[in-house]
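Below: one structure, written as structure tokens.
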Amino acid sequence: MAPTERQLELVRDSFAELRKDPRPRFVEFYEAFFRRAPELRSMFREDDLGGQGMRFMSTLGVIVDDLNRPEALEDRLTELGQAHRAMGVKAAHFEPMGAALLETLENTLGADFTPEARAAWEAAYAQVADEIIRRGDIPPE
């Protein structure tokens, strides 16, 4: 189910708060991700995790900024799907990534990450992940 306009607003507002914090949150994100899926650690270059994290946060920002304009995201989501498929990513890998993202948001935003904001992020993440999986023809397992 696509996120509502209210949910998209909550996602944009909470990500704007995340952007205000100068600490690199991608480190926390990857720690949470690898706790959930340690078998996926080998898919990432040890010497470029910082760069990968910055690219992830930058890409996430672009996606969040354009969530209400799906046509603006089409090429980007296709590119992400194809790149993830080429790296051997499976659809099942998106679940621990989403959980790690929610944990990072919760740890960063604290009480501002309300149940309503969490539900908004869950809906937005599910929609984007489904599109990446579909556009990249990413296999389930």
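The values are calculated or read from the model by the stated rules, or taken from the named source; none is laboratory data. As the structure is a prediction and not an experimental result, all values here were calculated from the model. Cβ placement follows ideal geometry from the backbone for every residue including glycine, while neighbour counts extend to all protein chains displayed.
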* Mind checking which helices (runs of 4 or more DSSP H) fall wholly inside the range 11-102 and carry at least 3 residues that are of a type in the set (D, E, K, R)? => 25-36, 70-86
* Mind checking whether some residue in the range 11-18 is at pLDDT 95 or above, among the basic types (Lys, Arg) and under 18 Å from ALA126 (Cα atoms)? -> yes
* What number of residues in the range 94-128 are surrounded by 17 or more Cβ atoms within 10 Å (Cβ to Cβ), at pLDDT 95 or above and hydroxyl-bearing (Ser, Thr, Tyr)? -> 1
* If the Cβ limit is 7 Å and pairs must be 6+ apart or interchain, which residue in the range 33-46 that is surrounded by 12 or more Cβ atoms within 10 Å (Cβ to Cβ) pairs with which residue that is not in a helix (DSSP H, G or I)? -> MET43/MET87; MET43/GLY88
* Among the residues of the range 110-125, write down those that are touching a residue at least 40 places away in the same chain (Cβ under 8 Å), in a helix (DSSP H, G or I) and either touching a strand residue (DSSP E or B) at 6+ places or on another chain (Cβ under 6 Å) or within 12 Å of VAL11 (Cβ to Cβ) (or both). => GLU116, ALA117, ALA119, ALA120, TRP121, ALA123, ALA124
* Asked: Does the range 85-104 include one or more residues that are of a type outside the set (A, V, I, L, M), under 24 Å from PRO24 (Cα atoms) and free of Cβ contacts under 8 Å to residues at least 24 places away in the same chain?
  -> yes
* Structure fact -> Going through the range 59-80 in order, the residues found to be without any contact (Cβ under 8 Å) to a residue 60 or more places away in the chain, over 10 Å from the mean Cα position of the chain (by Cα) and under 15 Å from SER14 (Cα atoms) are VAL62, ASP65, ASP66
